[in-house]
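What follows is a short report on a single structure.
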Amino acid sequence: MTPLETMGAGAKLFEPRIIIGDCLEVLPTLPKESVQVCVTSPPYWGLRDYNHPRQIGTEQSPEIYIKNLVEIFREVRRVLRKDGTFWLNIGDGYARNGGVGNCGPNAIVGNTKKLIQRRNCKVPHCWGLKDRDLMGIPWRVAFALQEDGWILRSRITWIKKSAMPESVKNRPTNATEDIFLFTKSIKYYYDPDGVREPTGANLRNYWILGPDPNAYGHPAAFPRELARRCILLGSREGDTILDPFGGCGTTGIASQELNRKSILIEINPSYVETDLVRAKKANKMAKQKVLIDPLYVETSKVQSKDAKKIFETESS
Ligand SMILES: C[S@@+](CC[C@H](N)C(=O)[O-])C[C@H]1O[C@@H](n2cnc3c(N)ncnc32)[C@H](O)[C@@H]1O
């Protein structure tokens, strides 16, 4: 039985608080030590275009990308309670030399006009990378965060039930990603009974998950079960959960289902629209009156007027 089903008829669901904006600018506006758990998955370096000039992931080099992430997650550390946890899902990639075209997420390579990956254009000038080197970005980010003050407590391997097909014949197909558990203090809240193995044993650090059938058109949503586990292990009912790269709101929906408050930050307003649809659906499933409406969406003061305009158009 899901928590939604176990909640009584009078139970009030916590609606996600959704802030449209650049998380680097929005996070400093949140009060310190106000969040119990952060679950997030930033854009992976050079992979996708989320259609915003200030998006993370399109930096010229992976070194700048890591520097930006460290800065963002330093703000996450400030807003996290002393006994809070931070769960970071992050993926890797290969350094490639495509040989032609300008570097950039919308570059045209050869006669191919489709969106191309920055990391396929040119081997980045760092870390001694060579063509076809696996960049090791997740661990490089983890080491950088350790250096910045985070305590790294676990590396969970997410084993994908249904991995993206790859046409490679000279290495195994990638079918895993990393989830790092960081804390800000040695003592932190962790409920080992929140999620256990089917045998009753303590949860192992490999999770076989996904894909989530309800990704609602977002190209990189993580499975709801991933967020659910992090939330159950790291928080109590009523606590606040943060996702600074909110996407189509998986963390918000999982929080709502588990009776937790949530704050989501997302730079691209079109994904926020999807999030509202999902939240409404979750409320309907719980036979509650619809608690979510666009009034709950805030536009960060620093967000460009343009983004607000797009959102208004799309929600009308
Ligand atoms: C990997 S996706 C997250 C998907 C999310 N976990 C879900 O399940 O829907 C990363 C998201 O970060 C957003 N993003 C990129 N740069 C951002 C920034 N500077 N501030 C806030 N959001 C950003 C992108 O638009 C994208 O939706």
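Counting only residues that are assigned to a loop (DSSP other than H, G, I, E, B) and surrounded by fewer than 24 Cβ atoms within 10 Å (Cβ to Cβ), segment 246-270 holds 3 of them. Considering segment 217-255, the residues that are under 16 Å from TYR190 (Cα atoms) and basic (Lys, Arg) include one that is farthest from the ligand (Cβ to nearest atom), namely ARG236. Mind checking whether some residue in segment 48-71 is within 16 Å of the ligand (Cβ to nearest atom) and in a strand (DSSP E or B)? No, segment 48-71 contains no residue that is within 16 Å of the ligand (Cβ to nearest atom) and in a strand (DSSP E or B). Every listed requirement among (1) modelled with pLDDT of 90 or more; (2) surrounded by fewer than 24 Cβ atoms within 10 Å (Cβ to Cβ) is met by GLY217 save one, (1).
Would you point out the residue of segment 28-74, among those that are closer than 27 Å to ASN259 by Cα and among the β-branched types (Val, Ile, Thr), that is surrounded by the fewest Cβ atoms within 10 Å (Cβ to Cβ)? Only one residue tops the list, namely THR29.
Restricting segment 212-245 to residues that are part of a loop (DSSP other than H, G, I, E, B) and polar (S, T, N, Q), which is nearest to THR183 (Cα to Cα)? For segment 212-245, the residue satisfying everything is SER235.
State whether one or more residues within segment 203-211 are aromatic (Phe, Trp, Tyr), out of contact with any Phe, Trp or Tyr (no Cβ under 7 Å at 6 or more places or on another chain) and in a loop (DSSP other than H, G, I, E, B). No, segment 203-211 has no match at all.
The values are calculated or read from the model by the stated rules, or taken from the named source; none is laboratory data. It should be emphasised that the depicted structure is a prediction, and the values quoted were computed from it without experimental measurement. Please note: Cβ atoms are built from the backbone with ideal geometry, for glycine as well, and neighbour counts cover all protein chains shown.
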